[in-house]
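Novice: Can you read through this structure? Questions will come right after.
The values are calculated or read from the model by the stated rules, or taken from the named source; none is laboratory data. Note that the coordinates shown come from a computational prediction; the quantities given were computed from them, not determined experimentally. So basically every Cβ, Gly included, is an ideal-geometry build from the backbone, and we count neighbours across all protein chains shown.
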Amino acid sequence: MQPYYTAAILGGLFLLLFVWEHRAPLRTARAALARRLFVNVGISALALGTAALIVDPVGATTLQYVSDRGFGLLHWVELPAAAQFVIGFVLMDMAFYYWHFANHRIPLLWRLHNVHHIDPDLDVSTAFRFHLGEVALSAGFRVVQIAVIGVSPLTFAIYELVYQANTLFHHSNVHLPLPVERLLNKLLVTPRMHGIHHSEVWRENNSNYSVVFPWWDRLHRTLRLNIPQSRIVIGIPGYAADADNKLGSALLMPFKRQRNYWQRADGISVKRNQVIIEGPLRCMQE
Ligand SMILES: [Zn+2]
């Protein structure tokens with residue numbers, strides 16, 4: 001697919017979600033939008049530039065190598081084209097679950113991924129707000145992902161578009177009626193599900209890692225849906241000061257001595273009282 005069409009589809013979706021989330025917001029914003037937009041656009045521009053300069057060429061070279069040499073799992077058995085596509089698509093998404101999990105659990109990666117999580121609100125402008133260092137390191141993951149799966153260039157291009165579109169959607173702050181979102185969440189990661197991943201509570205931050213299909217969290221027992229959005233504070237307690245979410249300080253943050261992420265400036269560790277968690281773990285709340 002031409003990059004021109006992809007950019008037009010994603011740009012259109014961004015605008016639609018941006019208008020929608022301000023007309024019907026899911027969570028109440030805490031910070032001033034204009035200031036956040038400035039920071040998010042700055043960090044995202046560097047992320048997209050790094051992706052275009054490093055990740056995309058590395059991905060394209062690996063795809064070429066894999067299809068020329070018949071490398072990877074999908075070349076081990078003869079499969080009809082449709083089955084190749086479905087399995088390739090699903091495995092690409094599963095791989096992203098592991099990459100996101102690693103970004104939370106490996107301290108070096110978390111230093112960088114933390115920059116995405118310290119945004120004090122969550123909306124469509126957070127979607128591509130990743131530190132350029134995280135994006136650059138993801139090129140290494142891309143090589144392994146493409147080579148192990150042996151995905152075809154067409155499946156890769158279609159998966160990439162769906163991946164980016166759903167990243168915009170699940171970061172957005174659009175309020176969907178609960179029954180609609182519960183139904184949609186059988187197939188896709190949705191805003192309420194990903195909102196819990198951006199909670200300031202460690203246990204909630206370390207759940208809901210999936211990107212497109214929510215099944216990976218079910219499979220790995222990292223799914224948590226029973227937190228009402230009105231009870232969620234977005235962000236990372238140790239980096240919740242206004243000064244932390246500035247363009248310069250956010251970009252330099254991974255290279256500085258790290259604070260206790262889960263403790264507020266007043267020394268209090270953020271935990272959620274079990275009593276106020278509502279309903280069964282896997283039941284999405286308002
Ligand atoms: Zn994360």
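Novice: Quick one: is Tyr159 of a type in the set (Phe, Trp, Tyr) and either in a loop (DSSP other than H, G, I, E, B) or free of Cβ contacts under 8 Å to residues at least 60 places away in the same chain (or both)?
Specialist: no
Novice: Another question about this same structure. Taking only pairs six or more apart or across chains, which ones have beta-carbon atoms under 9 Å, a first residue in segment 274-286 that is closer than 20 Å to Pro177 by Cβ, and a second residue that is among the hydroxyl-bearing types (Ser, Thr, Tyr) and at pLDDT 85 or above?
Specialist: Met284/Thr190; Glu286/Ser230
Novice: Here's another thing I want to ask about it. Residues Glu278, Glu204: which one is within 18 Å of the chain's Cα centre (by Cα) and either farther than 21 Å from Val39 by Cα or modelled with pLDDT of 95 or more (or both)?
Specialist: Glu204
Novice: If I ask for residues that are in contact (Cβ under 8 Å) with a residue 60 or more places away in the chain and not in a loop (DSSP other than H, G, I, E, B), which ones from segment 200-239 would you list?
Specialist: Trp202, Arg203, Glu204, Asn205, Trp216, Asp217, Arg218, Gln229, Ser230, Ile234, Tyr239
Novice: Do any helices (runs of 4 or more DSSP H) lying entirely in segment 20-133 carry at least 2 residues that are surrounded by fewer than 20 Cβ atoms within 10 Å (Cβ to Cβ) and away from the ligand (no atom under 16 Å from the Cβ), and which ones are they?
Specialist: Hits in segment 20-133: 33-50, 56-69, 81-105.
Novice: Tell me which residues, restricted to segment 162-199, are touching a Ser or Thr at 6+ places or on another chain (Cβ under 7 Å) and part of a helix (DSSP H, G or I).
Specialist: His170, His171, Glu181, Leu184, Pro191, Ile196, His197
Novice: What do you reckon, is Ile232 of a type in the set (A, V, I, L, M) and in contact with a His (Cβ under 7 Å, 6 or more places away or on another chain)?
Specialist: No: the conditions fail for Ile232.
Novice: Continuing with the same structure: Just name the residue that is farthest from the ligand (Cβ to nearest atom) out of those in segment 196-213 that are buried (at least 23 other Cβ atoms within 10 Å of the Cβ) and farther than 18 Å from Trp262 by Cβ.
Specialist: Val212
Novice: Taking the condition among the β-branched types (Val, Ile, Thr) and either within 15 Å of the ligand (Cβ to nearest atom) or at pLDDT 95 or above (or both), does Val270 pass?
Specialist: No, not satisfied.
Novice: Identify the single condition in (1) free of Cβ contacts under 8 Å to residues at least 40 places away in the same chain; (2) assigned to a helix (DSSP H, G or I) that Arg257 does not satisfy, given that it satisfies every other one.
Specialist: It fails just one condition, (2).
Novice: Within the set of pairs 6 or more residues apart or between chains, which connect a residue that is without any contact (Cβ under 8 Å) to a residue 24 or more places away in the chain inside segment 112-135 to a residue that is within 11 Å of the ligand (Cβ to nearest atom) with Cβ atoms less than 7 Å apart?
Specialist: His113/Asn103; His113/His104; His113/Glu134; His116/Phe130
Novice: Residues to consider are Val39, Val86, Val77, Val90; find the one that is farther than 20 Å from Trp215 by Cβ, of a type in the set (A, V, I, L, M) and modelled with pLDDT of 95 or more.
Specialist: The match here is Val39.
Novice: Okay, next question. Among all residue pairs at least 6 apart or on different chains, which show Cβ distances below 8 Å where the first residue, located in segment 136-147, is touching a residue at least 40 places away in the same chain (Cβ under 8 Å) and on the phi < 0 side of the Ramachandran plot and the second is among the polar types (S, T, N, Q) and surrounded by 20 or more Cβ atoms within 10 Å (Cβ to Cβ)?
Specialist: Ala136/Thr50; Arg142/Thr62; Val143/Thr62; Ile146/Thr62; Ala147/Thr62
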